[in-house]
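All remarks here apply to the structure that follows.
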Amino acid sequence: MDIAGYRSEWRTDVQFGNTYGVGSELYRPFAATSRWFVAPHGDATSTAFKVFSKSDPLAEYRLYRTHIGADVGYGFDRFTELRAGYEVGYLDGHLRLGKPQFPTAAGRVGDTKLHFLTAHIDDPIAPRDGYTFETTFQWFDSNPGATGSFPLMQSKGMYFQPITHAASLFVQAEGGTTFGSRRIGVPQFFLGGPARLSAYGTNEFFGNQYYYFRAGYLHDLLTLPPFVGKKVYAFGAYEFGKMYESPAASKFPNDIAAGVLAETAVGPLLLGASVGDSGHRKWFFQLGHVF
């Protein structure tokens, strides 16, 4: 905090697991009382990207990404901000195992971005009350495998409503599109896996336009010892979505999922099972953000 002046913040995140990487951003207001800010940032990651059909592995890719960029933004209050910027980097995606599910490519990535975020929730891991909305518009002037520039837009909204002291209902809706652009290299959107159509294989559906909807229930079960974590919740949800022009998509992908969500010292842990259409069903677990 205050490393580059009053109200400035320098945040660095380190990832390990399925993705190894590091990312850093410096948030610096123009002046001590200004709502305007500048935010230079950079990151580098290496991700094992797997594609399944139901529970059958089809392919595993290794994705290497690096980015540097800078944003200029305006903070309306402590909950809401709007920022615009440009970032440039390098993407290298190649097949390690299995049969190719989409073309691999390597090269420069460059995009201009406009991003809006408002977050009014009572907890960042397991919200019980409030709402969030986030939308991003990007114009890619360069992307590996793309034949030209193209636009992309993605939006996500969530709403949480307590119904008793221990229970809450929630709804989530999101979608994305490249506005009809198709020859853009690696597909931009993926569905399938825990909290992304849970009964389906990881990244089973991919394409350049989609929507996803989830409605569910959270119930506070117990409190963990302080050195183990915070709380444990019962979790249930109904999900449906659609990936347009996806060769593997069923007519109406949907499922019911239920399980337990624990706020542990190493992050949110989700354990559960899900049953969907066209023979999709599985047990699953996830360490990482559920909302």
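A straight Cα-to-Cα reach below 15 Å connects residue 113 with the aspartates and glutamates 71, 81, 87, 134, 141, residues fewer than 8 places away in its own chain not being considered.
Per residue, the chain exposes an accessible area of 52 Å² to a 1.4 Å probe, with every protein chain left in place.
In whole Å, what is the distance between the alpha-carbon centres of segment 117-162 and segment 212-291? If you average the Cα positions of each part, the centres end up 19 Å apart. Stokes-Einstein D for segment 216-291 at 25 °C, 0.890 mPa s, Kirkwood Rh over Cα pairs, in µm²/s? Reported coefficient: 177 µm²/s. Starting from a Cα-only point model with no solvent, please compute log10 I(q)/I(0) by Debye for the chain at q = 0.14, 0.16 1/Å. Here log10 of I(q) over I(0) equals -1.26, -1.57. Here, segment 69-196 is characterised by an Rg to Rh ratio of 1.05, where Rg is the alpha-carbon radius of gyration and Rh the Kirkwood radius.
Using all pairs of distinct alpha-carbon atoms, the Kirkwood hydrodynamic radius of segment 138-257 works out to 16.4 angstrom.
The accessible surface of the chain, taken with every protein chain in place and a 1.4 Å probe, is 62 percent carbon and sulfur. For segment 1-150, the convex hull spanned by the alpha carbon atoms encloses 147 Å³ per residue. Cross-link partners of residue 99 among lysines, defined as those whose alpha carbon lies under 21 angstrom from its own and excluding same-chain residues fewer than eight positions apart: 50, 54.
Overall, the ratio between the Cα radius of gyration of segment 59-126 and 2.2 N^0.38 Å, rounded to two decimals, is 1.60.
The values are calculated or read from the model by the stated rules, or taken from the named source; none is laboratory data. Predicted, not measured: the structure shown is a model, and the values here were computed from it. For the accessible areas, the whole protein counts, side chains as well, though only heavy atoms, and no ligand, DNA or RNA atoms are used. Shrake-Rupley method; radii C 1.70, N 1.55, O 1.52, S 1.80 Å.
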